[in-house]
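Step one of this worksheet: look at the structure below.
The values are calculated or read from the model by the stated rules, or taken from the named source; none is laboratory data. These numbers come from a predicted model, not from an experiment. All Cβ positions, even for glycine, are placed from backbone atoms using ideal geometry, and neighbour counts span all protein chains on display.
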Amino acid sequence: MLEVKDLQAAVAKKPILKGLSLSVKAGEVHAIMGPNGSGKSTLAQVLAGHPSYEVTGGTVTYEGKDLLAMSPEDRAKDGIFLAFQYPVEIPGVSNSYFLRAGYNEIRRHRGEPEVDVMDFNKLLKEKSKVLHIDESLLNRPVNEGFSGGEKKRNEIFQLAVLEPKLAILDETDSGLDIDALRAVSDGVNRLRSKDRAFIVVTHYQRLLNYIVPDFVHVLSAGRIVKSGGKELALELEKRGYDWVKAPEAAEAR
Amino acid sequence: MTTATAGTVATGGCWPAHLEAFEKSAAFRRVPWALDLRKTGLASFRESGFPTPSDEEWLYTSVEPITSNAFRQSLAPNVDGLVANHAARFTFGLKGGPRLVLVDGFFSRELSSFEGLPEGVIAGSLAEAMESHSDLVEPRLGRLARPGSTSFVSLNTALFQDGAFLYVPPGRVVDAPILVLHLSHASYVASHPRHLFVLGEGAQASVVEAWASPSCDLYFTNAVTEADVARGAALRSARIEAESGNAFQIASTQVRVAEGGFYQSDVAVTGAEFFRHDLGVRLEGERAEARLFGLSVASGRQHVDHHTVIDHSKPNCPSREYYKAILTGRSRVVFNGKVFVRQDAQKTDAKQTNKNLLLSEDARVDTKPQLEIFADDVKCTHGATVGQLDEDMVYYCRTRGLSPEVARGILTYAFARDALQHFAIPAVREHIDQSLYQRLLDAGRFA
Ligand SMILES: Nc1ncnc2c1ncn2[C@@H]1O[C@H](COP(=O)(O)OP(=O)(O)OP(=O)(O)O)[C@@H](O)[C@H]1O
Ligand SMILES: [Mg+2]
């Protein structure tokens with residue numbers, strides 16, 4: 001589904017990703033862990049198409065297409081979804097309107113008929129129950145004044161509504177209380193299917209007890225320095241990152 | 001070498017001729033009590049001439065289009081089938097209800113409707129009311145918008161021929177908003193409509209002044225509105241500028257609010273090539289309240305200039321002012337908001353905000369909030385911003401499948417709604433909301 005080869009990317013002329021390779025097949029869940037500043041969010045944003053991140057080398061193929069040549073909206077319409085580490089507030093635009101606009105764009109792209117307000121609101125209601133989202137959040141402006149945890153839940157809510165093929169979750173677990181963590185994980189697990197893949201960026205092994213990954217990768221100084229199964233997360237929890245860190249990251253300390 | 005340029009005299013172009021001709025006409029002296037007022041207007045204008053670029057109040061707005069074009073004085077309305085058709089079509093969300101229609105500055109009884117006006121309410125032509133209701137008109141006309149206060153008010157005072165008149169007796173409440181619809185339909189015509197709205201003690205009314213063009217004629221309107229809001233009365237007014245791209249308008253609205261009275265002004269500008277509005281509100285009694293909202297959407301080469309003055313002269317008066325503008329193309333928007341708090345106006349609570357969204361590098365905003373406070377126990381704030389759309393927001397929308405055009409449309413619409421939500425007359429608010437939505441989103445792109 002997704003083939004990342006020797007990816008190099010820079011922000012503000014500063015190289016962040018320095019030759020990253022990753023292969024994700026439909027149905028898989030990949031966890032990405034790694035120290036602060038190692039480039040996890042950068043990877044997520046490059047995959048989503050953030051215009052400030054400059055790709056300086058390597059390739060990314062998504063379902064056989066050159067992902068890097070696609071606009072962010074075309075990636076979204078083709079099934080890529082990023083749950084932001086820091087979701088953006090949009091004052092004056094209601095959550096439900098915002099989601100319906102995106103939902104209908106995606107449907108149009110797939111050649112499906114648009115959904116009207118009534119039907120869409122029904123859908124929102126159902127999804128909000130599953131994810132234990134307070135319905136009042138639906139009519140509030142997108143993320144504006146939401147608590148940290150509410151913003152994260154709202155990202156997963158959007159994910160549940162838009163039903164992407166490849167979902168990238170950037171530290172969705174940070175800032176969630178225990179119940180919310182469970183609700184969010186349940187939501188994600190419900191969406192797991194043989195056609196859908198997840199890339200889950202997290203600092204905490206705990207999330208991986210709920211969303212059990214097929215692979216765990218450690219990102220350090222812009223490269224994947226170690227990959228393994230779910231037991232790698234447990235080992236990292238015990239031993240920290242020093243033993244796997246890239247040499248240049250260790251020197252920089 | 002010296003070059004002689006035509007039309008650079010202060011009262012340049014066609015104007016001295018208009019004044020001279022009108023001074024000799026029967027209309028000038030038809031109402032004896034108004035003769036002195038007109039003469040004062042004439043003398044004041046002849047003395048001041050048009051504002052020059054060095055005039056403090058006209059720093060960012062040139063009156064050159066008005067002085068350089070050869071306009072004809074509007075002497076009779078051009079009411080034809082097209083106008084009649086448009087008079088019925090331009091409803092601005094107000095279906096049925098009372099409507100006063102003016103064509104080229106003249107009141108048209110045949111196109112107007114007095115449906116839904118309670119007994120005792122007088123609504124119609126100002127020219128007629130000057131004769132039939134001089135007891136109501138004479139003590140007020142020219143007292144709020146005084147000749148000599150600005151060049152254009154002087155000019156209007158000298159040359160006006162008709163306009164709308166509204167009187168709501170004490171205690172009367174007019175539920176249905178009254179539409180005052182202006183249609184201009186004559187090429188190169190200058191008209192000077194003059195309105196007077198009088199609300200007796202405890203009276204209530206909503207008035208929508210809407211300006212539209214049935215065709216694309218080039219014309220100039222120099223409008224003056226005076227509104228007298230007595231004790232405990234409430235006037236909710238809206239001004240909708242939706243004229244064609246060949247319309248030039250300069251307007252002055254001067255309002256007095258007595259003790260415990262309430263005045264709200266909602267100004268929405270989407271049309272006209274050139275629009276300047278001077279809005280002055282005097283809070284003359286305790287607990288009088290003013291709320292001023294503005295939303296301008298300027299594109300192409302439009303020029304929109306808002307000059308507002310809120311004058312607090314008595315204690316315990318709240319005022320709110322919130323003006324927003326969206327600019328594309330090479331458009332230009334000026335905001336100058338003065339708030340005076342006189343020595344007696346203790347416990348004044350005044351808040352003024354001006355926010356501008358620049359969607360093009362060639363557009364330009366000049367904003368100048370001005371607070372002048374002479375009392376010591378007051379709460380006054382003001383702020384102005386000029387910004388662009390937040391690119392993080394645009395990107396976030398794009399990651400959810402929206403094109404950059406739609407994303408910008410949604411964000412721009414949200415910016416506008418933030419001002420629009422305060423508009424007082426629901427039908428007008430919804431009408432503007434819908435037309436904005438269509439312009440910004442259904443069209444897919446804002447141009
Ligand atoms: N706009 C920017 N300008 C300059 N440097 C940036 C910018 N954005 C990110 N960086 C730098 O890029 C590096 C990688 O950042 P990134 O956000 O990808 O890290 P991360 O692995 O997600 O960290 P965390 O675990 O703290 O979320 C950091 O050193 C960061 O400071
Ligand atoms: Mg991060």
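Quick notes
- For beta carbons closer than 8 Å, sequence separation of 6+ or different chains, a first residue in segment A:219-232 that is within 16 Å of ligand 1 (Cβ to nearest atom) and a second that is assigned to a strand (DSSP E or B) and of a type in the set (Lys, Arg), the qualifying pairs are A:221/A:18; A:222/A:18; A:223/A:18.
- Conditions (1) in contact (Cβ under 8 Å) with a residue 60 or more places away in the chain; (2) assigned to a loop (DSSP other than H, G, I, E, B); (3) surrounded by fewer than 20 Cβ atoms within 10 Å (Cβ to Cβ): number failed by residue B:389: (1)
- Condition broken by residue B:365, with the remaining ones in (1) away from chain A (no Cβ under 14 Å); (2) surrounded by fewer than 21 Cβ atoms within 10 Å (Cβ to Cβ) satisfied: (2)
- Test: residue in segment A:174-189 that is more than 16 Å from ligand 2 (Cβ to nearest atom) and within 20 Å of residue A:62 (Cα to Cα): no
- Spans of strands (runs of 3 or more DSSP E) in segment B:206-316 with at least 1 residues among the hydroxyl-bearing types (Ser, Thr, Tyr), buried (at least 21 other Cβ atoms within 10 Å of the Cβ) and at pLDDT 95 or above: B:219-229, B:234-242, B:247-257, B:262-269, B:289-298, B:303-312
Matching residues to (1) within 16 Å of ligand 1 (Cβ to nearest atom); (2) over 26 Å from residue A:144 (Cα atoms); (3) buried (at least 20 other Cβ atoms within 10 Å of the Cβ):
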| position | (1), (2), (3) |
| --- | --- |
| A:42 | yes, no, yes |
| A:63 | no, yes, no |
| A:69 | no, yes, no |
| A:72 | no, no, yes |
| A:77 | no, no, yes |
| A:83 | yes, no, yes |
| A:86 | yes, no, no |
| A:95 | no, no, yes |
| A:99 | no, no, yes |
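- For segment B:128-154, the set of residues classified as surrounded by fewer than 20 Cβ atoms within 10 Å (Cβ to Cβ) and not charged (D, E, K, R) consists of B:132, B:133, B:134, B:136, B:139, B:148, B:149, listed by residue number.
- Residue match in segment A:133-156 (condition: away from chain B (no Cβ under 14 Å), part of a helix (DSSP H, G or I) and within 16 Å of ligand 2 (Cβ to nearest atom)): yes
- Selection of first residues in segment B:418-440 that are closer than 12 Å to residue B:297 by Cβ and more than 14 Å from chain A (Cβ to nearest Cβ) and of second residues that are surrounded by 16 or more Cβ atoms within 10 Å (Cβ to Cβ) and among the aliphatic types (A, V, I, L, M), restricted to Cβ pairs under 7 Å at least 6 apart or on distinct chains, gives the following pairs, ordered by first then second residue: B:432/B:268; B:432/B:420.
- Considering each residue of segment A:105-128 in turn, at least one proves to be under 17 Å from residue B:394 (Cβ atoms) and either within 8 Å of another protein chain (Cβ to nearest Cβ) or buried (at least 16 other Cβ atoms within 10 Å of the Cβ) (or both).
- Positions within segment A:41-67 being away from chain B (no Cβ under 12 Å) and part of a helix (DSSP H, G or I), in sequence order: A:41, A:42, A:43, A:46, A:67
- For segment A:24-34, filtering for residues that are more than 15 Å from residue A:244 (Cβ to Cβ) and surrounded by 14 or more Cβ atoms within 10 Å (Cβ to Cβ) leaves 6.
- Which listed residue, of B:353, B:399, is surrounded by 16 or more Cβ atoms within 10 Å (Cβ to Cβ), more than 9 Å from chain A (Cβ to nearest Cβ) and in contact with a strand residue (DSSP E or B) (Cβ under 7 Å, 6 or more places away or on another chain): B:353
- Listed by position, the strands (runs of 3 or more DSSP E) enclosed by segment B:101-200 that each have at least 1 residues that are of a type in the set (A, V, I, L, M) and more than 20 Å from residue B:235 (Cβ to Cβ) are B:106-113, B:178-183, B:189-191.
- Looking across segment A:189-206 at every residue that is at pLDDT below 90 and in contact with a Leu (Cβ under 8 Å, 6 or more places away or on another chain), the one that is surrounded by the fewest Cβ atoms within 10 Å (Cβ to Cβ) is identified as A:206.
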